[in-house]
Amino acid sequence: MAGVETLIRDLRLRRGRERRGLALAEGVRLVEEALGARVVIRHAAISPALEATPRGAALKTALAGAGVPLLELDDRALAGLSDTEHPQGVIAVIEPPAWTLDMLAPRAGDVVVVLDGVQDPGNVGAIARTALGLGASGLIALKGTAELTNPKVLRGSMGALFRLPSVSATDAECLAWAKRVGAVVWVTDSAGERPGGQRLTAPVALVLGNEGAGIRPEMEREASRRLAIPLAAGVESLNVAVAAGILLYEVRRDA
């Protein structure tokens, strides 16, 4: 089982995740979510800290009951493998869901969130969590967006990326998909109109851009509507994850 430690270290790196097709789920809540979503868990490294609470002890029992091979380490050794400041005694090696664009088949009124160069992993994870909670039917990450299997993205999503169909795609792939499914492209634009007030008669690809660079020209050219959130005088912008929640709520309200 010593190889599990090497595997976990390798999966801290993007090239390791891409080469192996695996990712890491760390912490009690995220591993619980992986189990609940029936994500394949290859291995789990655990320490005595996991059994310090009834919830952690129950998770250990559930992992063993699911037939997950457990590597038991001391707290210090597990902390050395952890990507967080306060490890909770469990790191799982998982097979992330393998969705494709063809699996995204939104109907009229459905919204698919498109992330255009959203670089911060915490924001990407938070947007995924918000998208799932507000009824989006999927998420597409364009070039420049934080990798969807990044440990910080997965933690920020609180398990949403185990349930919300989410894929990485190029601009051309995304636009070709939108054409196939008959989705209209709506983008964020500080000079755009207030969201809401338009009945949704087609699927919507809602594009959220990098807070600094905005939406790339390829997506701008295809946009049939530009949306802005009215802000108080002197305020330039909102955090992209906060903006995503407001826009999704307003757009979905017209579904």
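Just so you know, all these numbers are worked out from the coordinates, no wet-lab data involved. Just so it is clear, the model here is predicted, and its values are computed rather than measured. Note: ideal-geometry Cβ built from the backbone for every residue, glycine included; neighbour counts use all protein chains shown.
Given Cα positions, please report Rg to Rh for region 2-95, the hydrodynamic radius being the Kirkwood one.
0.93
Given Ala243, Ala105, Gly212, which one lies farthest toward the positive end of the charge dipole of the chain, if we put +1 on the Cβ of every Lys and Arg and -1 on the Cβ of every Asp and Glu?
Going by the Cα projections, it comes out as Ala105.
Just to confirm the number: angle between the C-alpha axis of helix 171-181 and the first principal axis of the chain, 0 to 90 degrees, nearest 10?
70 degrees
log₁₀ I(q)/I(0) of the chain at q = 0.07, 0.14, 0.17 Å⁻¹, via Debye over equal Cα point scatterers, no solvent, to two decimals?
Cα-only, vacuum Debye calculation for the chain: -0.27, -0.90, -1.16.
Choose one answer from Glu95, Glu236, Glu222: the residue with the largest mean-square fluctuation in a GNM of the chain with alpha-carbon springs under 10 Å.
Glu236
Under a Cβ-Cβ cut-off of 14 Å, what is the net charge of the residues other than Ala25 that fall near it, where Lys and Arg count +1 and Asp and Glu count -1?
Overall, the nearby charge balance is +3.
Measure off 7 Å from each Cα along the Cα-to-Cβ vector at Glu51 and Ala228, then give the distance between these two points in nanometres to one decimal.
About 6.0 nm, to one decimal.
Pull up the cross-link candidates among the aspartates and glutamates for Lys152, meaning alpha carbon to alpha carbon under 13 Å and not fewer than 8 places away within one chain.
Glu26, Asp83, Glu85, Asp120
Pick from Arg216, Arg15, Arg225: which residue has the top mean-square fluctuation in a GNM of the chain where Cα pairs under 10 Å get a spring?
Looking only at Arg216, Arg15, Arg225, the largest GNM fluctuation is found for Arg15.
What length, rounded to one decimal in nm, is gained on full extension from His86 through to Asp171, with 0.36 nm per residue of separation minus their alpha-carbon distance?
Between His86 and Asp171, full extension yields 26.8 nm more.
Calculate the translational D of region 101-252 in whole µm² s⁻¹ from Stokes-Einstein, where the hydrodynamic radius comes from the Kirkwood formula applied to all Cα pairs, the temperature is 10 °C and the viscosity 1.306 mPa s.
In µm²/s, the coefficient rounds to 105.
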